[in-house]
1. So if I check each of Glu76, Glu26, which one is of a type in the set (D, E, K, R) and either surrounded by 15 or more Cβ atoms within 10 Å (Cβ to Cβ) or in contact with a His (Cβ under 7 Å, 6 or more places away or on another chain) (or both)?
2. For Ile101, only one of the following conditions fails: (1) at pLDDT below 95; (2) surrounded by 16 or more Cβ atoms within 10 Å (Cβ to Cβ). What is its number?
3. Only residues that are crowded, with 21+ Cβ neighbours inside 10 Å and closer than 23 Å to Asp120 by Cα: list them for segment 1-20, please.
4. Do you know which of the residues in segment 21-73 that are in a loop (DSSP other than H, G, I, E, B) and closer than 13 Å to His115 by Cβ is farthest from the ligand (Cβ to nearest atom)?
5. Report, by residue number, each residue of segment 112-141 that is within 13 Å of the ligand (Cβ to nearest atom) and either at pLDDT below 95 or crowded, with 18+ Cβ neighbours inside 10 Å (or both).
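The values are calculated or read from the model by the stated rules, or taken from the named source; none is laboratory data. A quick note: this is a predicted structure, and the numbers were derived from the prediction, not measured. Positions of Cβ are generated from backbone atoms using ideal geometry, with glycine treated the same way; all protein chains shown enter the neighbour counts.
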Amino acid sequence: MERTLTILKPDCVRKQLIGAVIDKIERAGFRIVAMKKTKLTTETAGAFYAVHRERPFYGELVEFMSSGPCVPMILEKENAVEDFRKLIGATDPAEASEGTIRKLYADSKGENIVHGSDSDENARIESSFFFSTEDAVRVNN
Ligand code: CMP
């Protein structure tokens, strides 16, 4: 069984779409292993997205991700990383396939509702950013 890390971003929380997005996630067969609501500081958002430090959108991304509460979750499913990226759709909602979470709910590349890990290794690194081993215990099976 594979795991991935998602963050329901501040735009998702502001638009009161937490429930709608979790519904899509659970209906797609993902189990929620760990979940919390938190607010990132600019330092923690900057550290989480450090891989994008040299990109022109880095400042905007850090500002947005620390602009309000967000909901990180560890999700579990066979083929979780790839299947979750299919479920959320392309980074730019204008390019996302019909029915994907970003196509349905996102406004722009920057404010795109959800994050999803892009590899197994990054899923592990990103999960440990938010959750301890004790948090990440599967309870419903
Ligand atoms: P995410 O999957 O969280 O990973 C990196 C994020 O950078 C991405 O989603 C987008 O929200 C953001 N991003 C990528 N490209 C751009 C861009 N051109 N302008 C603003 N934000 C971007």
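1. Exactly one of Glu76, Glu26 is of a type in the set (D, E, K, R) and either surrounded by 15 or more Cβ atoms within 10 Å (Cβ to Cβ) or in contact with a His (Cβ under 7 Å, 6 or more places away or on another chain) (or both), namely Glu76.
2. Failing condition for Ile101: (1).
3. Selection gives Arg3, Thr4, Leu5, Thr6, Ile7, Leu8, Lys9.
4. Of everything passing the filter in segment 21-73, Leu40 is farthest from the ligand (Cβ to nearest atom).
5. Answer for segment 112-141, where residues must be within 13 Å of the ligand (Cβ to nearest atom) and either at pLDDT below 95 or crowded, with 18+ Cβ neighbours inside 10 Å (or both): Asn112, Ile113, Val114, His115, Gly116, Ser117, Ala123, Glu126.
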